[in-house]
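Down below is the structure, laid out as structure tokens.
No lab work stands behind these numbers, since they all come straight from the coordinates. Note that the structure is a prediction, hence the values are computed from the model and not measured. Virtual Cβ from ideal backbone geometry, glycine too; neighbours counted across all protein chains shown.
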Amino acid sequence: MSTCPFCSAVMIQAQKATRAGGLYACLNCMNGCLAFRNGYEVECREIENFMDVRFLAPKGTPDGTVLAQVTKALDDLPTLPSVPQRIMRMVYDPMTSVSDIARVVNEDPVLTLKILKLANCAFYGGRQPITSLEVACSRLGIKMIVKVVQAVGSKEVFKTRSKELQDTMRSLWKHSVVTAYCAGEIASLMPILSSDEIFLAGLVHDIGKVVLFNVLNQLYTEGKLWAKPDTDSFEQLVKSYHTLSGLHASQNWELSTELRAATFFHHFPEYTPLEEWKPLVYIVGLANLMATKLSYGGLDKTDEPYETHAAVSFLKLDPCRIQQTQDYIESQVEDLLNAMED
Ligand SMILES: [Fe+2]
Ligand SMILES: [Fe+2]
């Protein structure tokens with residue numbers, strides 16, 4: 001039976017670990033750990049360089065109180081919608097044509113409008129305005145449609161009932177979409193990677209922030225919060241625990257190991273324990289920096305140059321190429337977000 005290396009609680013979720021290793025979160029003590037299958041046995045291990053969260057956020061402290069609510073908040077977190085998943089499956093099928101995709105998109109009027117809007121925007125637009133979904137789809141291409149579908153679909157997750165948090169959630173959604181877009185473009189600079197999960201990794205990398213803001217909002221409405229859940233009062237808390245909360249969320253959604261790793265390690269890619277996970281983690285880390293430099297940092301700002309970011313040497317990228325990629329994205333990112341917004 002697999003047990004948590006911190007609190008010894010049984011971790012049924014880790015039973016799914018393979019020989020190659022997986023990343024799991026304990027529902028009892030909240031800590032993240034590695035799990036490896038050895039025959040019928042699964043062994044869970046601590047992750048090097050990460051402290052026991054029970055020491056960082058002890059029970060009864062403000063941080064501990066917020067963290068204790070994370071698993072409950074996951075029950076209310078919407079799942080990633082199914083239409084994108086249907087389209088994703090179609091994309092993997094080599095027989096799928098643009099018209100097939102257009103037919104599925106057509107079932108969703110909101111998505112249809114957004115695709116038409118994007119195909120008509122300055123960056124993609126030709127002289128003739130497009131009114132046919134099929135023409136719009138072929139102008140954008142299947143890859144771009146998948147991105148739009150995923151980004152629009154993810155919006156549900158960033159919805160909040162709280163008026164005060166509306167702006168925060170909106171800027172987090174924009175940050176996630178731009179990070180996802182940057183991640184896709186960065187990956188295209190490299191020959192090795194299959195891009196299936198890269199956009200999704202960018203979209204979900206800061207999902208822990210959404211979870212934590214939902215918890216803060218819930219505590220606030222119950223009168224249990226010592227300050228309003230706006231960004232200033234809880235900035236440090238959200239920064240410190242969003243990757244762990246993100247691991248819990250991605251485990252809850254049963255996302256792949258690589259996606260979990262990108263969510264958990266994106267601020268510390270160098271601590272990623274398994275080599276196979278590193279490329280995606282570094283790409284998301286770098287994409288996060290790029291989105292922030294493009295003024296879509298969500299809650300963050302930065303003046304960190306590309307030259308010193310660990311991803312540049314790990315991914316063997318030329319900082320000038322990265323800057324060119326940033327400039328290219330800058331020329332179209334507003335159109336992209338405008339088309340996808342309500
Ligand atoms: Fe982050
Ligand atoms: Fe981020």
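The residues His175, His205, when put in order of fewest to most other Cβ atoms within 10 Å, stand as His175, His205. Think of it as helices only: each DSSP H run of n ≥ 4 in the chain is worth -39500 (n - 2.57), and spread over all residues that comes to -16000 deg cm²/dmol at 222 nm. Inverting the pair-averaged 1/r between distinct Cα atoms of region 1-56 gives 11.0 Å as its Kirkwood hydrodynamic radius. Largest GNM mean-square fluctuation across Lys16, Lys278, Lys117, computed for the chain with C-alpha springs under 10 Å, falls on Lys16.
The GNM of the chain, with springs linking C-alpha atoms under 10 angstrom apart, assigns the highest mean-square fluctuation among Gln69, Gln128, Gln150 to Gln128.
Give me the orientation-averaged projected area of the Cα convex hull of the chain, in nm², one decimal. Averaged projected hull area, Cα only: 18.1 nm². Please report the net charge: other residues with Cβ closer than 15 Å to the Cβ of Tyr306, K and R +1, D and E -1. Taking every Cβ under 15 Å from that of Tyr306, the sum is -4. The residues Met1, Met95, Met144, when put in order of fewest to most other Cβ atoms within 10 Å, stand as Met95, Met1, Met144. For region 67-225, the convex hull spanned by the alpha carbon atoms encloses 140 Å³ per residue.
In the chain, the longest principal axis of the Cα atoms and the axis of helix 231-252 are about 90 degrees apart. Distance between the pseudo-spin-label points of Gln236 and Glu46 (7 Å out from Cα toward the beta carbon): 2.4 nm.
For Glu334 and Thr221 in one chain, what is 0.36 nm times their gap in residues minus the Cα-Cα distance, to one decimal in nm?
Result: 37.2 nm gained on full extension.
Could you please rank Ile101, Ile207, placing first whichever residue has the fewest other Cβ atoms within 10 Å of its Cβ?
Ile101, Ile207
Applying Stokes-Einstein at 25 °C and 0.890 mPa s to the Kirkwood radius of region 1-133, computed over alpha-carbon pairs, gives a translational diffusion coefficient of 128 µm² s⁻¹. Need one number: the % of Cα-Cα pairs in region 81-158 sitting beyond the 21 Å mark. Above the 21 Å cut-off, region 81-158 has 22 percent of its Cα pairs.
Mean sequence separation of contacting Cα pairs (under 8 Å, at least six apart), scaled by the length of the chain, corresponds to a relative contact order of 16 percent. Cut-off 10 angstrom, C-alpha nodes, Gaussian network model of the chain. Which of Ala183, Ala122, Ala261 fluctuates the most? Result: Ala122 has the largest fluctuation of those listed.
Is the shape of region 137-241 rounded, prolate or oblate, going by the alpha carbon gyration tensor and its root eigenvalues a ≥ b ≥ c, with a/c under 1.5 for rounded and a/b larger than b/c for prolate? Prolate is the answer for region 137-241, as a/c is 1.5 or above and a/b outweighs b/c. The distance between label points at Thr131 and Gln166 comes to 3.4 nm (points 7 Å beyond Cα on the Cα→Cβ vector). Reducing region 47-103 and region 215-265 to their Cα centroids gives an inter-centroid distance of 11 Å.
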